[in-house]
Amino acid sequence: MSQAATAPTTAGSPPALLQVRALTVEFPTARGVVHAVDGASFDVAHDEIVALVGESGCGKSATALAILRLIAAPGRITGGEILFDGCDLLALPEAAMRVVRGRHIGMVFQEPMSSLNPVQRIGRQVAEPLLQHRKADAAGALRRAVDLLRGVNVPSPEARWRDYPHQFSGGMCQRAMIAMAMACGPRLLLADEPTTALDVTVQALVLELLQSKVREHRTGLLLITHNLGVVARYADRVHVMYAGRIVESASGDDLYSRPQHPYTIGLLASVPRLDRALDQRLQPIDGQPFDPLHPPRGCAFHPRCPAALARCRDEAPPRVAPRTRHGVACWLHPVREHDR
Ligand code: SF4
């Protein structure tokens, strides 16, 4: 695990590579406004793997898209701050933001098969960011693309760069996407459910590859996933999201061994764990998933929470402060000053 993960995150440490503060994202709809992200704050340091985890619709992908300023209209960022290497991304002109995307922040999306251009050779696609952002010549960019494909363990890259996406397996396509995302040496990588469409063995290979690449280049990685099993093994720091809010923040180890928020405890009970007996049944979380158009008053998790108190129905607990060692947004866990 990186030093960034094991060192306590205190107010005196240097600013992180990425600082997200009080981010809010809304989507107006005909039936009302969806508050997709509601005051999320977190950091990603150099050489740190940070995971945003939660069920579909919890706001984790909207957070990643907001960082890239790719929220599709009529959705919009309505508040907060996103600082990347000290630069306020929300204040950048769109032309400068295009340079940030791809050159300084790399992206790996789910469904690699549909993210790649089906009628363009793989090598040409991996070379594209170099042509666009590094002003490389075509031959040099292609040579570099072959090296990048070799670096992500594509076999015989000298020949396979000529392949089209349909000639690659799903895992190979995702490796090509990682090569493409790393082509310009980005300082931060965003990976949104990068293993969703892959089988379990290939998932592990892709995640190990991502991990080794970010360690090798001291890149920060923001990993968006619904899979807590992924988090336990690969993330230095984890933020669990529910209904647009971060409800628990901790190191990967701490979250896995000492979950405190009732939602995190429920999530962990609902997925297979290596440290649990094989015959132990998985426990789904009771109740209906959160309805974003009709959020409950108070704590959004209270209709499903087995430990809800009377006040939970009316009062939302305070948000988790950024840089908290182990923060929990729950009335059962008052904020401890030494955690700030
Ligand atoms: Fe449950 Fe209340 Fe904590 Fe929300 S604040 S998770 S309802 S105990």
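The values are calculated or read from the model by the stated rules, or taken from the named source; none is laboratory data. Being a predicted model, the structure only gives us computed values, none of them experimental. Using ideal geometry, Cβ is built from the backbone for each residue, glycine included, and neighbour counts are taken over all protein chains shown. Each accessible area value is taken on the protein alone, full model and side chains, heavy atoms only, with ligands, DNA and RNA left out. Shrake-Rupley method; radii C 1.70, N 1.55, O 1.52, S 1.80 Å.
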Open item on the list: Quick one: 3J(HN,Hα) in Hz for segment 150-155, Karplus 6.51/-1.76/1.60 with θ = phi - 60°, rounded, Gly and Pro as x.
Closed with: 5, x, 9, 6, 7, x
Open item on the list: Could you give each residue of segment 79-94 its phi-based ³J(HN,Hα) in whole Hz, using Karplus coefficients 6.51, -1.76, 1.60 with θ = phi - 60°, and x for Gly or Pro?
Closed with: x, x, 9, 10, 9, 10, 6, x, 9, 7, 5, 6, 9, 6, x, 4
- [ ] Please give the contour-minus-distance gain from residue 218 to residue 138: 0.36 nm per residue of separation, less the Cα-Cα distance, rounded to one decimal in nm.
- [x] 26.0 nm
TODO: Please list, in chain and number order, the residues 5+ apart from residue 17 or on another chain whose amide H is under 5 Å from its amide H, with Hs placed from the backbone.
DONE: 44, 45, 46
Task: Calculated [θ] (222 nm, deg cm²/dmol) that DSSP helices of n ≥ 4 give over the chain, each run adding -39,500 (n - 2.57) - done: -8500 deg cm²/dmol
- [ ] Return the long-range amide H neighbours of residue 136 (sequence gap of 5 or more, or a different chain), with a cut-off of under 5 Å between placed amide H atoms.
- [x] 131
Task: Cα-based equivalent ellipsoid of the chain: semi-axis lengths in Å, sorted from largest, via gyration tensor - done: 35, 22, 19
TODO: Evaluate E = 1/(1 + (r/R0)^6) for residue 310 and residue 271, where r is the Cβ-Cβ distance and R0 equals 45 Å; express this FRET efficiency to the nearest 0.05.
DONE: 0.90
Task: Largest-first ordering by accessible area, 1.4 Å probe, given options 105, 77 - done: 77, 105
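Given Cβ point charges of +1 (Lys, Arg) and -1 (Asp, Glu) and nothing else, what value in debye, to the nearest 20, does the dipole of the chain about its Cα centre take? Spell out each step's value before the answer.
Values: 38 positive and 33 negative charges, 100 e Å.
For the chain, the charge dipole is close to 480 debye.
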Open item on the list: Quick check: from the Cα gyration tensor, does segment 217-314 come out rounded (a/c under 1.5), prolate or oblate?
Closed with: oblate
Open item on the list: Could you work out what % of the accessible surface of segment 16-99 is carbon and sulfur, using a 1.4 angstrom probe and leaving DNA, RNA and ligands out of the count?
Closed with: 57
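Among 107-117, 35-45, how do they line up by average Cβ neighbours within 10 Å per residue, starting with the highest?
35-45, 107-117
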- [ ] Return the sequence-ordered ³J(HN,Hα) values of segment 229-234 in whole Hz as given by the Karplus equation 6.51 cos²θ - 1.76 cosθ + 1.60 applied to θ = phi - 60°, using x for Gly and Pro.
- [x] x, 4, 4, 4, 8, 10
Open item on the list: Considering only protein heavy atoms and a probe of 1.4 Å, how much of the accessible area of segment 144-275 is carbon and sulfur, as a whole percent?
Closed with: 53
Open item on the list: What number comes out for accessible area per residue over segment 157-264 if the probe is 1.4 Å? Units Å², please.
Closed with: 33
Open item on the list: Skipping prolines and chain starts, which residues have an amide H placed within reach, meaning under 5 Å, of the one on residue 108, given they are 5 or more residues away or on another chain?
Closed with: 190, 191, 192
TODO: Take every DSSP beta bridge with both residues inside the chain and express the antiparallel ones as a percent of the total, to the nearest 5.
DONE: 60
